[in-house]
1. Quick query: amide H of Val85 versus all other amide H atoms, modeled in the peptide plane; which residues come in under 5 Å with a sequence gap of 5 or more or a different chain?
2. Distance from a point 7 Å along Cα→Cβ of Asp86 to each backbone N in the stretch 101-130: keep the residues under 15 Å and list them by number.
3. Expressed as cubic angstrom per residue, what is the convex hull volume of the alpha carbon set of the stretch 159-213?
4. What translational D, rounded to a whole number of µm²/s, comes out for the chain from Stokes-Einstein when the hydrodynamic radius is the Kirkwood one over Cα pairs, at 10 °C and 1.306 mPa s?
5. Rounded to a whole number, what % of the accessible area of the stretch 35-130 do carbon and sulfur atoms account for, probe 1.4 Å?
6. When only Cα pairs under 8 Å and 6 or more residues apart are kept, what is the percent relative contact order across the chain?
7. In square angstrom, what is the accessible area per residue of the chain with a 1.4 angstrom probe?
8. On the Cα set of the stretch 18-119, report Rg and Dmax in Å, please.
Amino acid sequence: MRLTWLGHACFSLVGSRTILIDPFITEGSLPAEPDIVAVTHAHADHLGIAAQLSKKTVAINEVAKYLAAKGVPAEPMNIGGSITVDGVRFTMTPALHSSWLEDEGPGFYGGVAAGFVIAMDGISVYHAGDTALFSDMQLIRDLYRPDVALLPVGGCFTMGPEEAMIAARYIGARLVIPMHYDTFPAIRQDVENFKRAIERTTSIRVRILSPGESIEVGPESSGECDGSERDGS
Ligand code: NI
Ligand code: MN
């Protein structure tokens, strides 16, 4: 699976299907047409261009209804549930955060915020969405054994690096990729320090990506997913 950070909380996962998570595109253009879009919550920096893309879109009921009204083929689900779309398994996890659909006028309730565990081609990726640290992240480890954890570290609107260090331990993924930092002044962070602090005290590896950068993630036995560059073969 090829995992690309498109800035902020936006990632693409390219394997047997192309998945786009939280399509708020801050840098350049989409690397590939997604088959499936996943939206963690309604805030504009996550919903992004989901309506314009109009692909199969996995989201919580309230956001799915909003998108469906705009003609998007939405796949509604809710916290704790799993669905399979085109062979890709989406599990919606809790997130400690708010959600608001910032449409015309004052906007409206967007359901609650969520995260996803996405399992494709034998690899499990946890995208935490926007969230505070919560101890039930340990259940995400026990139930879904994520290989990779995409964790917000920017602070202010989500957990910061100190909380994310505990989150990384709770989730137990072998690779952590920080997200949701440096996009705006309010969420500026020293992610190199975050990486050093985790790697000094655990066997978890942290890969800091530049927007647009990709890594190849393999099953545990392949020895890939150590955060090193691969040629994409
Ligand atoms: Ni948010
Ligand atoms: Mn956000």
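1. Close amide H contacts, sequence-distant or interchain: Phe90.
2. Correct set: 119-121.
3. 78
4. Values: Rh = 17.4 Å.
Estimated via Stokes-Einstein, D reaches 91 µm²/s.
5. Numbers: 1950 of 3570 Å².
With neighbouring chains kept in place, the figure for the stretch 35-130 is 55 percent.
6. Values: 569 pairs, mean separation 37.3, N = 233.
Relative contact order of the chain: 16 percent.
7. On the way: 9560 Å² over 233 residues.
Counting only protein heavy atoms, the per-residue value for the chain is 41 Å².
8. 12.5, 38
The values are calculated or read from the model by the stated rules, or taken from the named source; none is laboratory data. Fair warning: this is a prediction, and the values are worked out from it, not measured in the lab. Cβ atoms come from the backbone with ideal geometry, glycine included; neighbour counts cover every protein chain shown. Just so you know, the surface numbers come from the protein's heavy atoms only, side chains and all, with ligands and any DNA or RNA stripped out. Shrake-Rupley method; radii C 1.70, N 1.55, O 1.52, S 1.80 Å.
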